[in-house]
Each structure stands twice: as C-alpha cells, then as structure tokens.
Amino acid sequence: MMLPNRAAVEGIAENMQLADVKGRSLWADARTRFLRNRAAVISLIMLCAVAGFALFGGLVAQYEGDFVNFSLIGSNAYLGVPSIETGHYFGTDSNGRDLFARTVQGTGISLMVGVVGALVAVIVGTLYGATAGYYGGRIDGIMMRIVDVLMSIPFMFVLILMLVIFGRSIFMLFLGIGLISWLDMARIARGQTLTIKNKEFVEVAVATGVRPIRIILRHIVPNLLGIVIVYATLLVPNMIIFESFISFLGLGVQEPATSLGALINEGSRTMQFGYYWQIAFPLFFFVITIFAFFFVGDGLRDALDPKDR
Amino acid sequence: MDALLSVRNLSVTFDVAKPGAWPWTPPRKLHAVSEVSFDLKPGECLGIVGESGSGKSTLARAIVGTIPSSGGNIFFEGADLANMDTRERRVHRRDVQMIFQDPLAALNPRMTVGEIIAEPLITHEPNTPRAEVKKRVGVLMERVGLLPNLINRYPHEFSGGQCQRIGIARALILKPKLIICDEPVSALDVSVQAQVINLLMELQRDMGLSMIFIAHDLSVVKHISDRTLVLYLGRVMELANSRKLTTLPEHPYTQALIASVPIPDPVLERARPRPVLEGELPSPLSPPSGCVFRTRCPKAQASCADARPVLEDIGSDHLVACPFHEAEHVLAVGS
C-alpha cells in the first residue's frame, strides 16, 4: 500500500514540516545529459568565446575597422604582417585597414545573421506549424500549401534579385533570410504537432475547456521545443554559410561594414601573393563557429531526445 | 424526470476513406455508437461495459464533447449541448470532467503536478490569486492521497497509481457534477486498482458526484456502479441494476460476457461451462442487419436478421434488447 490512510499522511506531513520538493523537470535532465557530453560542452565554451570576441574584441583593437592607414598600402608584405608591436594583431588587409577590428565586426555580423535567422525560424516557424497541425483539416491544408508554394520558389535567385532591385543592405539580407528560414521549421513543427495533439493530455485540456491558443502555447509548443531547439542550432551555421555565400558574391554586407564571408572573399584574392593572414583569420573564426554550432546541436539532440541516438 | 444527464438516441459515426479513393468519393461510415439512450441521476454511478471496439470510449468522448456526435441529443441539466454556442459550451465544460486510461499519457510531461492540477481552475477562474490556487491544489492533493509537498514534481517522477491520483485531483478541482472515467484502472496493477477504485467511490459519496465508469472488467463495474449498461458494436444490449445484471442477466451477450470472467477459485472455474462466445466482433463499417449480435449469438433465429430489436423494459428498470431474452443464473462475479 502506498498511502494507507489520509490521517496518517497528514500527521506525517505536519510533524516533518516538509518543504516543497523541487521536481526535476525534463529540461533539467536534458541539461545533465548535455553537460556530460564533452565535445558539446567544449564547443559551447568556444561559441561563448567567439561571441565574447565579437562583443568585446573592439575594446582590445588598436584601430577602428574603417581606419585606412595609407602608409601601409602597397607594403602589406612587410609592414602589414600580424604583430603585437604595431597593434595590428591580425595584420592589415590590402587597403591598409586593421584586420583584427574587421574580423571582430565580421564575426559579429555573421553571428547576428545566424541567430536572427534561427530566431525567426523558431518563433514564426514553430507557431505557424503548431497552429496548422493543431487545427488540422482545411486550415492545415491551406497553411501548408502556402509553405509548399514558398518553398518551390528558388530563393537564392529571388534574394539576389531583391538585393539588386532594393539596394544592398543588411536589412534586406535579414529579410531574405527570415523569409526562407521558417519554412522547414514550420513543416517539422507541424509534423510533431500531429503526434502530440492526439495525446491524452491535450484531449484533457480540450475537454476542460482550455482555449486553443493556450493549448498550443502551453501543451503543444513546450513538447515540440526539444526538436525545434536542435533544429535551430543546426540552422544557425546554415544561415551563416548562406550569408557568407551572398557576401562572397558581393551582394551581402556592404563596405565599410563586413562579414566573415566578405572577409574571406577579400582574403582569397590576395592569398596567392602570400598574404595568408588575410584569409586565415576570418576563415579560422568561420570554421570554429560553424563546427561549434554543429557539435552543440548534436549534443542538444542527444540530450533532448535520448531515444533516437 | 430530473436526470443530470439524458442521452437520447446518440449516434457517432466516423468517415473512413477507402484506401486509394479519390477525395470526392463519398467516404464509408463507421458507426461507432448508434442510438444509445440512457439517463443518469445526480449522485448515481453508471457502469458501461463491453468488449474492445464496442464504442465505450467513443460514447464517453461524445458526452464530454471532444468528438462530435452525428445524431441524437445530449441534455445536461435539461440543456441540449448541441444548442450551446462556444462560450456556453466552455462554461459547461467545468461541470463535466474526465479521467483517462493511461495515467501518464494524460499528464503533460513539461508541466509540474501543481500546474497540471491547477489548470482547470486557472482556465475557468482566471482571477484566483496564486496563493489561493496553491492552497486549493494542496488540499486536493492531500484529499486524493498525495503529499502536498510534491507540488513541484513532474509526472515522470510518479508511479502509475500516483499519476492516476493526480488525474483524479485535476478532475475534481472545479467540483464538477459529472465525472467520466474511461477505464481508469485498466493500466494499473491489481493492488493499486483497488486503492484507486476505493478512492473514487469515497470521493463520489463525499462530493455527491455523478459518475460514468467505463471498464471491460465486469467485477470492477459491479463493485462501483449502481446501474450497468452493456454495449455491443455501439448499441445498448442491456441496462439494469448492477447486482441484477451480474447475477441474473437476460441478454445472451451479457450472459456470455459474464461467463468469460474468470472466477478466482480453480474448482468452480473448472466446473463452469466454457464461454459460448465465438468469433470476432463484426466490422462496424458493415454491421449485421437486424440484431448486431446475431452472428455470434447462441440463441440466434432467422427473425433476428429482419429488424433491429427494441430495447424493452421488462420491469424494475431492466432494459433488454432481445426478444428471446430469458434470465439465466450465472456464477456471480466476485461474490
């Protein structure tokens, strides 16, 4: 017998003055599992370091990112090499600008593009997909056909056209990335919602008279968030790569602002003259960031749904 | 008649698309529940039994309103549920609560026990202060035999029996008038079953609840319910006082059902005639004509195929849907 009689239970409770027990939520369990994954934790630390570099690197830099040191133009090979004494820690680019400051700025913009893309995907995509899946029937049909139509548009082409027509700006780039990133997420969220909405706890909520919006926000979204988070962390590097590609084509971020993609593009042009640092430093941060995101995403997947390892 | 709940000719059909059919071909109709009528008085407990697929759960869900009915009426305190608009319906829902078969599946794994139990309260009385909500949840947890200090725990930290108690607490927090239990003990082990059933009976008595108790275990139903309804393929076969139904059943299906319940006495069990029921439940997509039970009925006659048997009252509120019914003593279940 578990609890044979209530009077006894009450007695025990009063005598012991029991404090409320703190429950271990599924999130707490997942955190423990995640922290046990070395590769993921190291990657997370590295990500934090990269983010710190992007946020506070500007304080360490000796020069402004758009300050052109005319005396260095043309003498990159011996005066613009990375060195502590000159204050150009990462050297200078072919225009005599401090590469350290520019890398800080580029990393920041690249991270921002990735995070904004992922955020739009998580917020818009999840709510859209959960709503479509929860209501089902005709609403679901219409909402998901819209997604299908948007997906069938070649977005790279449309984005390039948009950038050409409306001018090249960071805002346009964010808009373009925001427009595509949520489509896949909406599909994933809808598929998950279809399985969750038939669970009994959702039926209980419906039978109790909980409003549909609240059911979606309180019962469905928290239960599909695990998969959404994993997908979002894997989406961030994709967005960074996407932005880098656009910038590499010369259509993304415009001078004097820069991104890792634009820096790599510049560096690749002077690589053959032996100015290795002009590509090495941006590439290093690019690779580190993307690897770290992938490892963190993997770690999160293992932690959040231990079933499908 | 001042019944709390009156169900009149309730039917529930589902559309089943033929595999590979075009979207515009009319779907086949699956008759899950067909023309079921009964009354439930305040404070009464009605048991519903029947084998798997007989429409017990569908009937319950139609009453709760999570599945739309396709015919007939449900009157709750005289008001027809079909005529209610969305708002009235939402207000009405506080009076009818449901307890489910799988205790863990019925609890949201991402919410604490306190949030789960408080949800109906917050939904219907959103202005209740936090402290008051917590107090009421605590009182109720104690009432169903859970330590109130476990309020911040999560469902996966509890055993099946405890989860069912959480489900019961959630159903009771609004002091509903009717509780529908859909096989609340089938997923629990036998010792815990008894505790949960006794708890339900105690709560029903103390709070004056009406209850619809669905089970496929006749001995459980007999123990808890005043009257019992026997369903077969979505149709009422027999409705009578539980004691009378289990000792002197009139309908051949009820007799077969009771004969199939094992008796926990090897000597008696061996001496008893074997169950007479053979074959499978016919497909509800194409139920037999006339009496649906005739394909498996030991007393079936040619005339059974012609017309659907009427549910006739044979005295003292005993309803049977079989013209050839005769009382037959069966070994009483669990007594």
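The values are calculated or read from the model by the stated rules, or taken from the named source; none is laboratory data. From a predicted model like this one, the values you see are computed outputs, not experimental measurements. Positions of Cβ are backbone-derived with ideal geometry, glycine not excepted, and every protein chain shown enters the neighbour counts.
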field: Among residues of the stretch B:213-237, those that are closer than 15 Å to B:GLY55 by Cβ and buried (at least 23 other Cβ atoms within 10 Å of the Cβ), counted
entry: 11
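Here is a yes/no grid of residues against (1) away from chain A (no Cβ under 11 Å); (2) without any contact (Cβ under 8 Å) to a residue 60 or more places away in the chain; (3) touching a Lys or Arg at 6+ places or on another chain (Cβ under 8 Å):
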site: B:VAL113; (1), (2), (3): no, yes, yes
site: B:ARG130; (1), (2), (3): yes, yes, no
site: B:SER159; (1), (2), (3): no, yes, no
site: B:LEU174; (1), (2), (3): no, no, yes
field: First in the stretch B:66-95 and closer than 21 Å to B:SER34 by Cα, second anywhere and among the basic types (Lys, Arg), Cβ under 6 Å, 6 or more apart
entry: B:ILE67/B:ARG61; B:GLY72/B:ARG8; B:ASN73/B:ARG8
- prompt: Which of the residues spanning the stretch B:112-153 are farther than 17 Å from A:VAL204 by Cα and assigned to a loop (DSSP other than H, G, I, E, B)?
  reply: B:GLU125, B:PRO126, B:ASN127, B:THR128, B:PRO129, B:VAL144, B:GLY145, B:LEU146, B:LEU147, B:ILE151, B:ARG153
query: Does at least one position in the stretch A:166-187 carry a residue that is modelled with pLDDT of 90 or more, on the phi < 0 side of the Ramachandran plot and not hydrophobic (A, V, I, L, M, F, W, C)?
result: yes
message: One residue is enough: does the stretch B:90-97 have a residue meeting the conditions within 14 Å of another protein chain (Cβ to nearest Cβ) and in a strand (DSSP E or B)?
response: yes
task: Test B:GLY43 against the stated conditions and say whether it is under 25 Å from B:SER219 (Cα atoms) and touching a Gly at 6+ places or on another chain (Cβ under 8 Å).
output: yes
task: Determine which member of the set A:ARG218, A:ARG269, A:ARG214 is more than 30 Å from A:LEU26 (Cβ to Cβ), part of a helix (DSSP H, G or I) and of a type outside the set (Ser, Thr, Tyr).
output: A:ARG269
task: Determine if the stretch A:163-184 includes at least one residue that is surrounded by 14 or more Cβ atoms within 10 Å (Cβ to Cβ) and either within 14 Å of chain B (Cβ to nearest Cβ) or acidic (Asp, Glu) (or both).
output: yes
- request: Identify, from the list B:ALA300, B:ALA321, the residue that is in contact (Cβ under 8 Å) with a residue 60 or more places away in the chain and in contact with a Cys (Cβ under 9 Å, 6 or more places away or on another chain).
  value: B:ALA321
- line: Selection from the stretch A:230-281 of residues under 30 Å from A:ASP184 (Cβ atoms) and among the β-branched types (Val, Ile, Thr) yields A:VAL230, A:THR233, A:VAL236, A:ILE240, A:ILE241, A:ILE246, A:VAL253, A:THR258, A:ILE264
